[in-house]
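Structure first, then comments.
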Amino acid sequence: QVQIVESGGGLVQPGGSQRLSCAASKSVFKIYRMGWYHLSPGNERELVADISVDGTTNYADSVKGRFTISWDTAKNTVYLQMNNLSHEDTSVYYCNVSLREYWYSNQYNAWGPGTQVTVSS
């Protein structure tokens with residue numbers, strides 16, 4: 001099964017910026033959508049932002065105007081640029097990729113292990 005590799009988490013000061021990256025560990029037949037989720041206070045994964053293969057993006061209301069998701073299709077890598085971070089953005093961020101590994105296989109969602117983002121002074 002495809003592994004999802006995340007990078008870019010860490011400690012950042014309030015008002016600062018950070019960029020998360022996510023990619024599949026190997027080339028696949030097709031990727032349909034890539035997105036980022038974070039853990040809610042109730043420990044459920046909530047959508048932060050996603051982007052579809054046609055370029056359509058969705059953002060949680062709490063991050064609109066501050067976060068930008070982008071997809072480098074040549075590298076099949078998705079980026080989440082996070083600006084003006086606040087304490088409320090502290091969470092574990094998970095990358096989710098909707099993909100088909102081979103032309104004959106079913107589409108499924110693959111998750112990364114999560115990367116911690118901590119906003120603190």
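The values are calculated or read from the model by the stated rules, or taken from the named source; none is laboratory data. Everything quoted here is computed from the prediction, not taken from an experiment. Here the Cβ is made from the backbone with ideal geometry for all residues, glycine too, and neighbour counts use every protein chain on show. Accessible surface is based on the protein model in full, side chains and every heavy atom, while ligands, DNA and RNA are left aside. Shrake-Rupley method; radii C 1.70, N 1.55, O 1.52, S 1.80 Å.
Could you tell me what fraction of 2.2 N^0.38 Å the Cα radius of gyration of the stretch 22-90 comes to, as a two-decimal ratio?
1.17
In nm, to one decimal, how far is the modelled label at residue 72 from the one at residue 44, with both set 7 Å along Cα→Cβ?
Label-label distance for residue 72 and residue 44, simple model: 3.5 nm.
Loop only per DSSP, at most 12 neighbouring Cβ atoms within 10 Å: give me the GluC sites (Glu not before Pro) in the stretch 10-93, ordered by residue number.
44
Go through the stretch 66-79 residue by residue and turn each phi into a ³J(HN,Hα) via Karplus (6.51, -1.76, 1.60, θ = phi - 60°); whole Hz please, and just put x for glycine and proline.
Per-residue couplings from phi come out as 10, 10, 9, 9, 9, 10, 8, 5, 5, 9, 6, 10, 10, 10 Hz.
Just how large is the dipole of the chain about the Cα centre, in debye to the nearest 20, putting +1 at every Lys and Arg Cβ and -1 at every Asp and Glu Cβ?
Using only the charged Cβ atoms, the result is roughly 320 debye.
Each residue of the stretch 7-20 in turn: what ³J(HN,Hα) in whole Hz from Karplus with 6.51, -1.76, 1.60 and θ = phi - 60°, glycine and Pro shown as x?
So the Karplus estimates, Gly and Pro as x, are 7, x, x, x, 9, 9, 7, x, x, x, 10, 7, 10, 9 Hz.
P(r) tail for the chain, what percent of Cα pairs lie past 26 Å?
17
Ignoring any ligand, DNA or RNA, what whole percent of the accessible area of the chain comes from carbon and sulfur when the probe is 1.4 angstrom?
It is 46 percent, rounded to a whole number.
What is the sum of charges, Lys and Arg at +1 and Asp and Glu at -1, for the other residues whose Cβ falls under 13 Å from the Cβ of residue 33?
So the environment of residue 33 carries a net charge of 0.
In the chain, if the dipole is taken from +1 on Lys/Arg beta carbons and -1 on Asp/Glu beta carbons about the Cα centre, which of 83, 69, 42 is farthest to the positive end?
In the chain, that residue is 69.
For the modelled label position 7 Å from the Cα of residue 87 along Cα-to-Cβ, which residues of the stretch 3-40 have backbone nitrogen atoms closer than 13 Å?
What the label zone holds, given the 13 Å backbone N cut-off, is 14-15.
Filter the chymotrypsin sites (Phe, Trp or Tyr not before Pro) in the stretch 79-119 to those in DSSP coil with at most 11 other Cβ atoms within 10 Å of their Cβ, and list the result.
Of the chymotrypsin sites (Phe, Trp or Tyr not before Pro), the ones in loops of the stretch 79-119 whose Cβ has at most 11 other Cβ atoms within 10 Å are 102, 103, 104.
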